[in-house]
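Q: Next up is a structure, given as structure tokens.
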Amino acid sequence: MDDPLTLGEAARAIGVSQDTLRRWDRAGKLHTHRDKRNRRMVPVAEVHRLSAHPVRHETGAGLSARNRLRGVVRSVEVDGVMALVELQAGPFLVTAAVTRDSVEELGLAEGIEATATVKATSVMIEREGK
């Protein structure tokens, strides 16, 4: 089953449009050849190459968020039921708006090591072992 695929078959297999494959072919990102009917044919190896997904790093935690910044709490400012927590993570200063209950439950205070977990527009703070 190493017969080349038509452009339409390759597009369906890779999950892109035929127009995308045509652009990739013109740009040299895809290697094709023409058959006797002048159709673009895509080698199976090219489909495998373009279908391959890069290996993603694992967080080592039970969260789906991959952006985890370990650091030290720089300040905690509590006001009513909410709090602002500033975490110094290397050269980055991350500020998270969390509940007062979260600050108390995690024992967040200046100088405590914690991790900021960023997913979309959400920033969560956690402590190891809590």
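Q: Filtering region 23-51 down to residues that are part of a loop (DSSP other than H, G, I, E, B) and open to solvent by less than 70 Å² (accessible area, probe 1.4 Å), which residue is farthest from residue 3 (Cα to Cα)?
A: 28
Q: Here is a list: 61, 97, 120. Which entry is modelled with pLDDT under 95, open to solvent by 50 Å² or more (accessible area, probe 1.4 Å) and on the phi < 0 side of the Ramachandran plot?
A: On the way: 61 fails: open to solvent by 50 Å² or more (accessible area, probe 1.4 Å); 120 fails: on the phi < 0 side of the Ramachandran plot.
Selected residue: 97, the only one of 61, 97, 120 that is modelled with pLDDT under 95, open to solvent by 50 Å² or more (accessible area, probe 1.4 Å) and on the phi < 0 side of the Ramachandran plot.
Q: Related question: Hey, can you tell me all the residues within region 16-33 that are farther than 17 Å from residue 45 by Cβ and either among the small types (Gly, Ala, Ser) or touching a residue at least 60 places away in the same chain (Cβ under 8 Å) (or both)?
A: Within region 16-33, 17, 27 meet the criteria.
The values are calculated or read from the model by the stated rules, or taken from the named source; none is laboratory data. As the structure is a prediction and not an experimental result, all values here were calculated from the model. Virtual Cβ from ideal backbone geometry, glycine too; neighbours counted across all protein chains shown. Ligands, DNA and RNA are excluded from the accessible area calculation, which covers all protein heavy atoms including side chains. Shrake-Rupley method; radii C 1.70, N 1.55, O 1.52, S 1.80 Å.
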